[in-house]
Amino acid sequence: MKAKKYGKTFKLIRENLNLPRSQVYEGVMAKSNAQRFEKGEQDSSFEKVAIVLERIDLSFDEFIYIHNGYQESEKEKFIHEFVNLKDTTNSTGITDLRDKLIASGATDNTSFLGHLRVVLEAFLLYNKEQEFDNAKKLADPIWKQLEEKRCLVLQRYPDYGQYILCVG
C-alpha cells in the first residue's frame, strides 16, 4: 500500500463528511500541500495525519480499514481466525490455520505471521506429544525476540482499541 494513496482516502472521507478542506487541514499543512496530498501527489508526516484524523474524529484503525476498501488486512484476518480457535486443543483448526499461513508465505521465523505459525506448530506438537518441553523449545526463539523489545504492541480490532505494553 503506497503512502501517497492515503491522501485520496482522506479526500473521500472528508467529502463524505461534507467538510471543507480548510476545516480539516488549516494550521496543519498549506492549502497547496493539502491539495497535492489529496490527489496522491505528496506524502504527509505521521504527526500531520494524526492531527487530521483527530479533527475528523476517526481512529487510525478505522482509517486503515476504510483505506483497505472496508476489508481486514491479511494480518488481521489471520489474527481473527486465531482468536476464533477458542482453545489450543482444536488440532484441526490449528492445522488449517498453520497451512493457510504457510500458503500465504509466512515461512520465516521473524515476522508476526511467521511467529504465529511457529506458535501454532508448538500447539500441535504439544497436542501430539502431551509434553510441554518440546513445544516450549519450538517457541523459545519468539520469547527471546520479545525479551529484547522494550515495547510490545498488542494489536486489537478497532472495536477494542490497541494496547501498548512497555517494560523497563
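Considering only region 34-59, how many residues are touching a helix residue (DSSP H, G or I) at 6+ places or on another chain (Cβ under 8 Å) and without any contact (Cβ under 8 Å) to a residue 12 or more places away in the chain? Write out each step before concluding.
Taking region 34-59 as the starting set, the residues that turn out to be touching a helix residue (DSSP H, G or I) at 6+ places or on another chain (Cβ under 8 Å) are 34-44, 49-50, 52-53, 55-56, 58-59.
Okay, now just the ones that are also without any contact (Cβ under 8 Å) to a residue 12 or more places away in the chain, so 50, 53.
Number of matching residues: 2.
Sort out which residues of region 1-49 are polar (S, T, N, Q) and farther than 12 Å from residue 67 by Cα, and write them in order of number.
Quick first cut of region 1-49, residues polar (S, T, N, Q) only: 9, 16, 18, 22-23, 32-33, 35, 42, 44-45.
Matches in region 1-49: 16, 18, 22, 23, 32, 33, 35, 42, 44, 45.
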- If you check every pair at least six apart or on different chains, which have Cβ atoms under 6 Å apart with a residue in region 121-143 that is touching a residue at least 24 places away in the same chain (Cβ under 8 Å) first and a residue that is part of a loop (DSSP other than H, G, I, E, B) second? 123/88
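Yes/no matrix, rows are residues, columns are (1) more than 19 Å from residue 83 (Cα to Cα); (2) under 25 Å from the mean Cα position of the chain (by Cα); (3) in a helix (DSSP H, G or I):
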{"site": "100", "(1), (2), (3)": "no, yes, yes"}
{"site": "107", "(1), (2), (3)": "yes, yes, no"}
{"site": "110", "(1), (2), (3)": "yes, yes, no"}
{"site": "127", "(1), (2), (3)": "no, no, yes"}
{"site": "133", "(1), (2), (3)": "yes, no, yes"}
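Every residue, every condition in (1) within 17 Å of the chain's Cα centre (by Cα); (2) modelled with pLDDT of 90 or more; (3) of a type in the set (A, V, I, L, M), yes or no:
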| site | (1), (2), (3) |
| --- | --- |
| 61 | yes, no, no |
| 66 | yes, yes, yes |
| 74 | yes, no, no |
| 87 | no, no, no |
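The values are calculated or read from the model by the stated rules, or taken from the named source; none is laboratory data. None of the values given here were measured: they were computed from a predicted structure. No Cβ is skipped: glycine too gets one built from the backbone with ideal geometry, and neighbour counts run over all protein chains shown.
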